[in-house]
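Undergrad: Please read through the structure below; I'll follow up with questions.
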Amino acid sequence: MGIVTAFAVFIAATATLILLSTSQRDDLVATDYYARELRYQDQIESAARTRHVRHQVRVTHDAARQQIDLTLPPQHASQRPAGLIQLYRPAAADQDREIPLDLDLAGHQRLDAHALGPGLWRVRVRWTVDGDDYAVDERIVIPKRL
């Protein structure tokens, strides 16, 4: 009797497993896969273009003045590029911010960091010059204030 019960339980478990596995969606491709691939390719091309000017791009945090200093290449700044600065906080998405890129003629922009909470922040800068997109991602750490 025990052997029959064991076989019955085994068959029932196997049948249940087969039913569960066949009812799950296993799509590996999103419905908008082509648009996603184009966006990803744009990101790759932006990163490749940025490599040529990367040594001229700086994102730093000045804890004493509580500000973030951004510097882009002077040849880009002179053309008044359109762009966006994203302050992304991995630990608290509700603190994320987006700020329009507004460089001075030397290619500098200062951002007030008084309202930013302490911890890790990612500064993502995206800008366009002559129809070409550029992108930089930097990490900064805002220390706790005493």
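The values are calculated or read from the model by the stated rules, or taken from the named source; none is laboratory data. No experiment lies behind these values; they were computed from the predicted model shown. For neighbour counting, all protein chains shown are included, and Cβ atoms are generated from backbone atoms with ideal geometry for every residue, glycine included.
Undergrad: Of everything in region 119-146, what is basic (Lys, Arg) and in a strand (DSSP E or B)? Give them in sequence order.
TA: Correct list: Arg122, Arg124, Arg126, Arg139.
Undergrad: Taking the condition at pLDDT 90 or above, surrounded by 10 or more Cβ atoms within 10 Å (Cβ to Cβ) and not in a loop (DSSP other than H, G, I, E, B), does Ala12 pass? Spell out the reasoning first.
TA: Working: at pLDDT 90 or above: yes; surrounded by 10 or more Cβ atoms within 10 Å (Cβ to Cβ): yes; not in a loop (DSSP other than H, G, I, E, B): yes.
So Ala12 fits the description; yes.
Undergrad: Further, regarding this structure: Every residue in region 80-102 that is outside any strand (DSSP E or B) and either without any contact (Cβ under 8 Å) to a residue 12 or more places away in the chain or surrounded by 14 or more Cβ atoms within 10 Å (Cβ to Cβ) (or both), please.
TA: Pro81, Arg89, Ala93, Asp94, Gln95, Asp96, Leu101, Asp102
Undergrad: May I pose another question? Restricting region 67-102 to residues that are polar (S, T, N, Q) and at pLDDT below 90, which is nearest to Lys144 (Cα to Cα)? So that I can check it myself, show each step before the final result.
TA: Going residue by residue through region 67-102, those that are polar (S, T, N, Q) are 67, 71, 75, 78-79, 86, 95.
In the following step, the residues that additionally are at pLDDT below 90 were identified as 75, 78-79, 95.
Details: Gln75: 36, Ser78: 36, Gln79: 38, Gln95: 16 Å.
By that ranking, first place goes to Gln95.
Undergrad: Another question, then. Which of the residues spanning region 68-79 are of a type in the set (S, T, N, Q) and surrounded by 15 or more Cβ atoms within 10 Å (Cβ to Cβ)?
TA: Thr71
Undergrad: Scan region 53-72 residue by residue and report those that are without any contact (Cβ under 8 Å) to a residue 24 or more places away in the chain and either of a type in the set (Lys, Arg) or within 13 Å of Leu87 (Cα to Cα) (or both).
TA: Arg58, Arg65
One line per residue, one yes/no per condition, for (1) modelled with pLDDT of 90 or more; (2) loosely packed, with under 10 Cβ neighbours inside 10 Å; (3) closer than 20 Å to Arg122 by Cα:
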| residue | (1), (2), (3) |
| --- | --- |
| Met1 | no, yes, no |
| Val4 | yes, yes, no |
| Ile18 | yes, no, no |
| Arg25 | no, yes, no |
| Val29 | no, yes, no |
| Ala35 | no, no, no |
| Thr50 | no, no, yes |
| Gln56 | no, no, yes |
| Ala63 | no, no, yes |
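Residues checked against (1) over 20 Å from His55 (Cβ atoms); (2) among the hydrophobic types (A, V, I, L, M, F, W, C):
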site: Pro74; (1), (2): no, no
site: Ala91; (1), (2): yes, yes
site: Gly107; (1), (2): no, no
site: Ala135; (1), (2): no, yes
site: Lys144; (1), (2): yes, no
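Undergrad: Among the candidates Leu116, Leu105, single out the residue that is modelled with pLDDT under 90, farther than 14 Å from Ala77 by Cα and part of a loop (DSSP other than H, G, I, E, B). Steps first, please.
TA: Details: Leu105 fails: farther than 14 Å from Ala77 by Cα.
Just a single option satisfies the conditions, and that option is Leu116.
Undergrad: Out of the residues in region 54-79 that are part of a strand (DSSP E or B) and of a type outside the set (Ser, Thr, Tyr), state the one that is farthest from Val129 (Cα to Cα). Talk me through it step by step, then tell me what you get.
TA: As a first pass, look at region 54-79 and keep what is part of a strand (DSSP E or B): 58-62, 67-71.
With of a type outside the set (Ser, Thr, Tyr) added as a condition, the list becomes 58-59, 61-62, 67-70.
Values: Arg58: 17, Val59: 19, His61: 25, Asp62: 28, Gln67: 26, Ile68: 23, Asp69: 20, Leu70: 17 Å.
Ranking the qualifying residues of region 54-79, first place goes to Asp62.
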